[in-house]
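Novice: Structure below; questions to follow.
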Amino acid sequence: MPKVSAKRQITLPIDQCRQAHIEPGDEYNSYVDNNGYITIIKSTSGSAKGVLKGIKVDKRLSDESSLQSTLNS
């Protein structure tokens with residue numbers, strides 16, 4: 001079982017990386033929900049292009065607080 005290093009680094013199992021199409025050097029986002037579960041999501045350029053078209057933006061919310069409100073609902 002992988003362990004967290006002294007620098008708080010983790011190693012993802014190769015089979016999980018293959019399933020998620022994660023390669024060395026890829027960028028990712030990680031989030032912690034209210035239960036303490038960590039979710040890792042590979043960043044994909046242009047993945048939301050057009051999906052959010054026409055949706056009004058509330059600039060008072062940060063990306064993180066918006067995500068947390070979604071995870072909490």
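Novice: What does the charge count near residue 71 come to, summing +1 for each Lys or Arg and -1 for each Asp or Glu among other residues with Cβ under 12 Å from its Cβ?
Specialist: Values: positive: none; negative: 33, 64.
Net of charged neighbours comes to -2.
Novice: Output ³J(HN,Hα) for region 22-28: one whole-Hz value per residue in order, computed from phi by the Karplus curve 6.51 cos²θ - 1.76 cosθ + 1.60 with θ = phi - 60°, and x for Gly and Pro.
Specialist: Running phi through 6.51 cos²θ - 1.76 cosθ + 1.60 with θ = phi - 60° gives 9, 10, x, x, 5, 8, 8 Hz.
Novice: Something else now. Let me have the 222 nm mean residue ellipticity of the chain computed from DSSP H runs of 4+ only, each contributing -39500 (n - 2.57), with the sum over all residues rounded to the nearest 500. Mind showing how you got there, number by number?
Specialist: Values: 2 runs with 17 residues, N = 73.
The helix-only estimate for the chain comes to -6500 deg cm²/dmol at 222 nm.
Novice: What value does the chain have for Rg/Rh, both radii from Cα atoms and Rh as Kirkwood defines it?
Specialist: Using Cα coordinates only, the ratio equals 1.02.
Novice: Let me know the charge dipole size of the chain about its Cα centre in debye, to the nearest 20, where only the beta-carbon of Lys, Arg (+1) and Asp, Glu (-1) is charged.
Specialist: Result for the chain is approximately 160 debye, rounded to the nearest 20.
Novice: Here is a follow-up. Suppose each label sits 7 Å from its Cα in the direction of the beta carbon; what would the residue 9-residue 35 distance come out to in nanometres?
Specialist: With each label placed 7 Å out from Cα toward Cβ, I get 3.1 nm.
Novice: Moving on to the next point. Across region 2-11, in residue order, what do the Karplus-derived ³J(HN,Hα) couplings come to in whole Hz, using 6.51 cos²θ - 1.76 cosθ + 1.60 with θ = phi - 60° and x for Gly and Pro?
Specialist: x, 10, 7, 6, 4, 8, 6, 9, 10, 10
Novice: On to the next question. Quick one: angle between helix 63-72 and the longest Cα principal axis of the chain, in degrees between 0 and 90, rounded to 10, please.
Specialist: Approximately 80 degrees, to the nearest ten.
The numbers here are math on the coordinates, done by the rules we state, and not lab data. Quick caveat, the model's predicted, so the values are computed rather than measured. Don't worry about glycine lacking a Cβ; one is built from the backbone with ideal geometry, like all the others, and counts go over all protein chains shown.
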